[in-house]
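Asks: Before we start, here is the structure in question, set down as structure tokens.
The values are calculated or read from the model by the stated rules, or taken from the named source; none is laboratory data. The structure presented is a predicted model; accordingly, all values stated were derived computationally and were not measured. Backbone-built Cβ (ideal geometry, glycine too); neighbour counts: all protein chains shown. Keep in mind that these areas ignore ligands, DNA and RNA; they rest on the heavy atoms of the full protein, side chains included. Shrake-Rupley method; radii C 1.70, N 1.55, O 1.52, S 1.80 Å.
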Amino acid sequence: MVSYPATTETIALAQEANSSEAIQILYQVLEDPSSSPEALRIKEQAITNLCDRLTEEKRGEDLRTLLTKLRPFFSLIPKAKTAKIVRGIIDAVAKIPGTTDLQITLCKEMVEWTRAEKRTFLRQRVEARLAALLMENKEYVEALALLSTLVKEVRRLDDKLLLVDIDLLESKLHFSLRNLPKAKAALTAARTAANAIYVPPAQQGTIDLQSGILHAEEKDYKTGYSYFFEAFESFNALGDPRAVFSLKYMLLCKIMVSQADDVAGIISSKAGLQYVGSDLDAMKAVADAHSKRSLKLFENALGDYKAQLEDDPIVHRHLSSLYDTLLEQNLCRLIEPFSRVEIGHIAELIGLPLDHVEKKLSQMILDKKFAGTLDQGAGCLIIFEDPKADAIYSATLDTIANMGKVVDSLYVRSAKIMS
């Protein structure tokens with residue numbers, strides 16, 4: 001078997017070879033016992049090339065094995081370079097689809113190794129990555145326990161940049177657990193830490209995106225739109241794929257504040273045309289349904305763009321609210337001419353199942369959206385006229401209030417005279 005030393009010529013040879021041969025050559029370069037500065041530099045380059053080749057072939061397990069084999073090599077190079085290589089290999093595994101469990105295992109192994117080697121800087125960053133993966137895998141309890149310990153440690157060391165990452169991750173985690181007060185508190189902490197240092201544009205965009213999501217959750221869609229716009233500008237300038245999600249949420253905010261007519265203009269703008277695709281088509285279909293107040297078009301949009309609407313938890317949550325509003329508006333419009341009407345007839349007019357319509361009508365009556373009652377024996381809805389409040393009651397209350405003020409005034413005067 002031919003031996004390949006750690007030289008520039010060997011790296012050049014590997015670049016020209018086909019994928020399988022190149023991988024074999026690069027593995028042999030790493031086995032070269034030489035530890036001179038030049039040899040170490042060549043080996044670093046070989047590791048980068050080998051990661052690229054293994055990622056192309058989707059060999060995640062081989063990348064994990066490579067990281068284990070490189071541990072003796074890490075003792076020969078500076079800690080900063082070790083951290084760069086480790087994070088680079090973890091990023092390479094992340095590029096291979098369906099490797100979440102492998103990434104979690106890999107991160108846990110590296111946390112154990114860094115703790116044994118007392119490499120605190122690298123361990124904290126790998127733990128932050130592990131918490132993000134656990135959250136993605138919906139293992140919220142474990143992720144929260146890991147973050148709680150990590151955030152205290154990083155605050156003590158005052159590592160602002162890592163603190164921004166951790167606080168932002170904590171905010172996302174609490175939001176996933178539907179704990180909005182803690183999500184907002186963690187985001188405020190992230191913003192406070194970010195104000196003290198220079199934050200990369202991608203990180204600032206992530207903060208703005210999370211701010212928009214939290215404001216939209218509180219139904220403050222106008223402020224949410226502003227944050228999504230800021231996030232979109234940051235991601236768009238960087239060519240980050242998250243730009244399309246920011247744009248999608250911008251359109252969602254427009255729809256939720258009943259400005260669906262603006263959606264087509266935003267999509268056809270110079271920035272919007274770059275991201276034309278299924279995500280924007282889905283929002284345009286929802287906007288059209290909202291403009292026409294058509295439940296049928298709305299349901300068609302949900303069916304045609306299930307991946308873009310229902311599988312996105314943020315969009316799905318708001319569209320569920322929008323669907324309920326549209327349904328109530330349509331039902332109110334349909335029952336308006338009647339004083340007594342069969343529920344089956346309303347279901348036929350609106351094109352929805354009878355039990356679904358009956359359930360919604362009973363909910364609307366309880367919420368006092370209209371005055372009426374359901375006669376389930378006859379299968380009818382009986383609508384009452386809106387009771388008009390008698391003006392005498394409010395006038396009486398005002399009179400009593402004024403009399404109270406007069407008595408109080410007389411009491412104060414009499415107290416002054418007596419004194």
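Asks: Set Lys and Arg Cβ to +1 and Asp and Glu Cβ to -1, take the dipole of the chain about its Cα centre, and tell me which of Ala282, Tyr27, Leu297 lies farthest positive.
Replies: Looking along the dipole axis, the top candidate is Tyr27.
Asks: Per residue, how much accessible area does region 232-288 show when a 1.4 Å probe rolls over the protein heavy atoms, in square angstrom?
Replies: Working: 2420 Å² over 57 residues.
Per residue, region 232-288 has an accessible area of 42 Å².
Asks: Under a Cβ-only charge scheme (Lys and Arg +1, Asp and Glu -1), can you give me the dipole magnitude of the chain about the Cα centre, in debye to the nearest 20?
Replies: With only Lys, Arg, Asp and Glu charged at Cβ, the dipole is about 1500 debye.
Asks: So which lysines pass the test for Lys284, namely a Cα distance under 22 Å, with those fewer than 8 places away in the same chain ruled out?
Replies: Straight-line reach from Lys284, under 22 Å: Lys219, Lys222, Lys248, Lys254, Lys270, Lys292, Lys296, Lys306.
Asks: Mind checking which of Gly404, Gly372, Gly303 has the largest fluctuation in a GNM of the chain, springs on alpha carbons under 10 Å?
Replies: Most flexible of the set in this elastic network: Gly404.
Asks: Another one. Over region 173-269, what is the relative contact order in whole percent, taking alpha-carbon pairs under 8 Å and six or more residues apart? Present the calculation step by step, with values, prior to reporting the outcome.
Replies: On the way: 90 pairs, mean separation 19.6, N = 97.
Reported relative contact order: 20 percent.
Asks: What residue among Asn402, Phe74, Leu40 has its Cα farthest toward the positive end of the dipole of the chain, where the charges are +1 on Lys, Arg and -1 on Asp, Glu, each on the Cβ?
Replies: Asn402
Asks: So what is the accessible area of region 310-369 per residue, in Å², with the probe set to 1.4 Å? Working shown, then result.
Replies: Numbers: 3420 Å² over 60 residues.
Result: 57 Å² of accessible area for each residue.
Asks: Nearest 20 debye, what's the magnitude of the dipole of region 106-259 about its Cα centre given +1 on Lys and Arg Cβ and -1 on Asp and Glu Cβ? Show your work: numbers first, answer last.
Replies: Working: 22 positive and 20 negative charges, 37 e Å.
The calculated dipole for region 106-259 is roughly 180 debye.
Asks: Quick check: at a probe of 1.4 Å, how many percent of the accessible area of the chain sits on carbon and sulfur atoms?
Replies: On the way: 12540 of 22910 Å².
Here it works out to 55 percent.
Asks: Ratio of alpha-carbon Rg to the 2.2 N^0.38 Å globular estimate for the chain, to two decimals, please. If you can, show how the numbers build up before the last one.
Replies: Details: Rg = 31.4 Å, N = 419, 2.2 N^0.38 = 21.8 Å.
Taking N as the residue count of the chain, the ratio is 1.44.
Asks: With a probe of 1.4 Å, find how much accessible area region 1-157 has per residue, and write the answer as a whole number in Å². Let's see the in-between values first.
Replies: Working: 8360 Å² over 157 residues.
The answer is 53 Å² per residue.
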